Amino acid sequence: MGGGMEKFTGVTVSSGIAIARAFVVDDLGFAQSSQHIALEQVVLEQRRLRDAVSEALSDLKQDRESTTRELGETVGDIFEAHRVLLDNPAFIGEMEQQIQTQLSSAESAVTAVCSRYAKMLAGIGNERNALDIEDIRKRLSSKLIGNESFLQRLDSLDSPVVILAHNLTPSETAALPLSHVRGFATEQGGPASHTAILATALNIPAVLGVNSFLSHVESGDTLIVDGDQGMVIVRPDNQTLDHYLRRFEKKQSQDVQRLAHLRDLSADTLDGTHIMLLANIEFPEEIPAVLDYGAEGVGLYRTEFLHLGKDQEPDEEAHYEAYCTLLRALGERPLTIRTFDLGADKVSRSLGADLEKERNPNLGLRSIRLSLRCLEIFRTQLRAILRASAYGGKPHPFFRVMLPMVTAASEVRRARTILSDLKEDLDDQGIAYNPDLSLGIMVETPATVVKLNHFCQDQKKGRPKKDWLVRFLSIGTNDLVQYTLAVDRDNREVRELYREADPAVIYMLQQTVRCGREAGIPVSCCGQMAANPMYLMLLLGLGLTILSMPPKMIPKVKELIRSVSIEDCRQIAHEALGFEEARDVENFLRLKLREYDHDYIDPV
């Protein structure tokens, strides 16, 4: 701990540079205090330790008594064993000695001594007692910190910080006060995690998957999060700090100039093809940024963030007001509402209360499957969507609803039946809605791609558009890559296998665009590939002309679109389809991008 400058690499998920003091969150979700104290604080820290021990002993006594009453004396004796350990003068004496000789804070002393004991016990095969020591560490740490979450502590700060944590949940990320937080880095997480999506939406620099770096940093250290290069720099030397300060100022100036120059320009290729650039958002409050960055509308509104971090599910009025807020700000610009994509790591507390914990949630009850299981919640959302579709007294021409992770046509038919029932209810109540509301699906699995003819058969049979099962397709590349390659996108052990440029993925994209074109159905792309300049020419060459991405990526993508021709992009896509390995496709696309974008920097 301490010492000179150290650098750590992870995965860049949200670009930008953050320079501030470190704010370390421990594995309990508490803010870590400074590790070192002044000499005159020794007596106070030792007193804090003794008070924490006393409170923990009292809790252990109560836990033992209540557990014995409910589960029997044998189980209750577990807490008696903890009490004996905690009441050992030699054990606590080592912590007091650590405070006095090392000038450690009480929290740091508890961690150091408990870790030493746990490691020793584990080393001789006594895993059970090692876990007992870990339990004691958590109890004492909780008492010392006062059970105050790190989010509560952030509100009282008087200077900006960078958050460092083993992991941040989506709800914690969404609750970060941006007035105090300049960026964050975590040991867990990957580029397609929902924490990463939120970081991009909040326009906050972030690096995830930084392996085991928390033990090398303490709260108060100067820290740099380089979201462009996927790097975390702890205690930068003066030369490094000056370099990043200059980069930060230059980047801000360039972003302002680019934004002002490109905001009102059309995203047209050199040979005159218009590419519609839409925004992915999580919160209605993002709309000013959407318009500032020059988006033509919203191609993906992730409504699950209405659910996350809530003790109760949002009611119909909460949904309705959120959608109307967007419509008021967007006017008649396109707006696509995705029904809640909950499940896996995004199940809210109240919704997940009755659901069994799944061994493999990514292949389990999530997205449209969960919606069709929780019909009351699904009906509430769809009814609010229908009401909003006539906001302002007339049908909105570009207001659409999209179903996530559909794998069977029967799922769409069930959703359409629910919509039909809700329309009848609204008719009976005299409530306006758009009777011709467009319904589309996300293309996120190989099964969907293989069965696209089933989804698009109404068009080929010449039925009226209002009767089509599906009116539009939107490719979600984050999940499509994961399911095509059978790679958990957030698993560090197989992260290198998650390759968007894999020929199998490109084939899935090609087939989706081809099927949509043959059926006369618009196809868009709203995954991370759409926001990555390296894949832009490939996507355009495959025939995609509607892209949806985080708002802040739009100026860069628009700038590149205006420098390429569709004919060149088709040739690039043709050549990319000829490679056998993802790395060859990546190298080829990087080479081509450098020809058009001389400022392009390869990610770490």
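Tell me, please, whether a residue that is open to solvent by 10 Å² or more (accessible area, probe 1.4 Å), farther than 30 Å from Arg463 by Cβ, over 21 Å from the mean Cα position of the chain (by Cα) and among the basic types (Lys, Arg) can be found in the stretch 505-523. No - not one qualifying residue is present in the stretch 505-523. Residues in the stretch 285-298 that are open to solvent by 30 Å² or more (accessible area, probe 1.4 Å) and under 20 Å from the mean Cα position of the chain (by Cα) were compared, and the one that is farthest from Leu560 (Cα to Cα) is Glu285. Within the stretch 210-256, the set of residues being open to solvent by less than 30 Å² (accessible area, probe 1.4 Å), of a type outside the set (A, V, I, L, M) and touching a Ser or Thr at 6+ places or on another chain (Cβ under 7 Å) comprises Glu218, Ser219, Gly227, Gly230, Pro236. For the stretch 471-494, the tally of residues that are of a type outside the set (Gly, Ala, Ser), under 29 Å from Pro191 (Cβ atoms), in a loop (DSSP other than H, G, I, E, B) and in contact (Cβ under 8 Å) with a residue 24 or more places away in the chain stands at 4. Within the stretch 17-33, restricting attention to residues that are touching a helix residue (DSSP H, G or I) at 6+ places or on another chain (Cβ under 9 Å) and modelled with pLDDT of 90 or more, the residue that is surrounded by the most Cβ atoms within 10 Å (Cβ to Cβ) is Ala18. Among the residues of the stretch 531-562, just one is among the small types (Gly, Ala, Ser) and modelled with pLDDT under 95, namely Ala531.
Which one is modelled with the lowest pLDDT among residues in the stretch 194-224 that are among the aliphatic types (A, V, I, L, M) and more than 23 Å from Asp490 (Cα to Cα)? Filtering first and then ranking leaves Val217.
Inspection of the stretch 335-342 finds a residue satisfying the criterion of being modelled with pLDDT of 85 or more, of a type in the set (Phe, Trp, Tyr) and within 26 Å of Asp490 (Cβ to Cβ). Met231 falls short on exactly one of the conditions (1) farther than 20 Å from Thr169 by Cβ; (2) touching a helix residue (DSSP H, G or I) at 6+ places or on another chain (Cβ under 7 Å), and that condition is (2).
Scanning the stretch 288-308 for residues that are within 24 Å of Phe340 (Cβ to Cβ), among the aliphatic types (A, V, I, L, M) and out of contact with any Ser or Thr (no Cβ under 8 Å at 6 or more places or on another chain) turns up Ala289, Val290, Ala295, Leu306. Contact annotation: residue pairs with Cβ atoms under 8 Å, 6 or more positions apart or on different chains, pairing a residue in the stretch 299-321 that is under 24 Å from Ala531 (Cα atoms) with a partner that is assigned to a loop (DSSP other than H, G, I, E, B) and at pLDDT below 85, are Glu304/Leu342. Restricting attention to the stretch 536-554, the residues that are over 30 Å from Gln457 (Cβ atoms) and surrounded by 24 or more Cβ atoms within 10 Å (Cβ to Cβ) add up to 6. Select from the stretch 167-216 the residues that are among the β-branched types (Val, Ile, Thr), out of contact with any Asp or Glu (no Cβ under 7 Å at 6 or more places or on another chain) and more than 24 Å from Gly476 (Cα to Cα) and list them in ascending order. Within the stretch 167-216, Val181, Thr186 qualify. With respect to the conditions (1) crowded, with 17+ Cβ neighbours inside 10 Å; (2) within 26 Å of the chain's Cα centre (by Cα), Ser389 falls short on a single one, namely (2).
Yes or no: the stretch 267-276 includes at least one residue that is loosely packed, with under 14 Cβ neighbours inside 10 Å and of a type in the set (D, E, K, R).
Going residue by residue through the stretch 267-276, those that are loosely packed, with under 14 Cβ neighbours inside 10 Å are 268, 270-272, 274.
Narrowing further to those that are of a type in the set (D, E, K, R): 268, 271.
Checked the stretch 267-276: at least one residue is loosely packed, with under 14 Cβ neighbours inside 10 Å and of a type in the set (D, E, K, R).
Cβ-Cβ distances below 8 Å connect the following pairs, each with a first residue in the stretch 435-462 that is over 15 Å from Thr339 (Cα atoms) and in contact (Cβ under 8 Å) with a residue 24 or more places away in the chain, a second residue that is aromatic (Phe, Trp, Tyr) and open to solvent by less than 10 Å² (accessible area, probe 1.4 Å), and a separation of six or more residues or different chains: Thr448/Phe455. Scanning the stretch 257-272 for residues that are under 12 Å from Ser563 (Cα atoms) and in contact (Cβ under 8 Å) with a residue 60 or more places away in the chain turns up Ala267, Asp268, Thr269, Leu270, Asp271.
Right, Lys466: modelled with pLDDT of 95 or more, open to solvent by 40 Å² or more (accessible area, probe 1.4 Å) and outside any loop (DSSP other than H, G, I, E, B) or not? When the stated conditions are applied, Lys466 does not pass them. Here Arg416 meets the list (1) part of a loop (DSSP other than H, G, I, E, B); (2) open to solvent by 40 Å² or more (accessible area, probe 1.4 Å) almost entirely, failing just condition (1). Listed by first and then second residue, the pairs with beta-carbon distance under 9 Å, at least 6 apart or on different chains, first residue in the stretch 84-102 and farther than 9 Å from Val113 by Cα and in contact (Cβ under 8 Å) with a residue 60 or more places away in the chain, second surrounded by 14 or more Cβ atoms within 10 Å (Cβ to Cβ) and among the β-branched types (Val, Ile, Thr), are Ile99/Ile37; Ile99/Val42. Among the residues making up the stretch 424-453, those that are in a loop (DSSP other than H, G, I, E, B) and open to solvent by 50 Å² or more (accessible area, probe 1.4 Å) are Gly430, Ile431, Ala432, Pro435, Asp436, Lys451.
Here's the yes/no breakdown for (1) under 29 Å from the mean Cα position of the chain (by Cα); (2) among the basic types (Lys, Arg):
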| position | (1), (2) |
| --- | --- |
| Leu241 | yes, no |
| Arg247 | yes, yes |
| Gln257 | yes, no |
| Ala260 | yes, no |
| Thr269 | no, no |
| Ile275 | yes, no |
| Phe283 | yes, no |
| Leu300 | yes, no |
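May I ask you to list the residues in the stretch 105-132 that are modelled with pLDDT of 85 or more and of a type in the set (Val, Ile, Thr)? Once the filter is applied, which keeps residues that are modelled with pLDDT of 85 or more and of a type in the set (Val, Ile, Thr), the stretch 105-132 yields Val110, Val113.
The values are calculated or read from the model by the stated rules, or taken from the named source; none is laboratory data. All of these numbers come straight from a predicted model, not from anything done at the bench. Cβ atoms come from the backbone with ideal geometry, glycine included; neighbour counts cover every protein chain shown. Note: areas computed on protein heavy atoms with side chains; ligands, DNA, RNA excluded. Shrake-Rupley method; radii C 1.70, N 1.55, O 1.52, S 1.80 Å.
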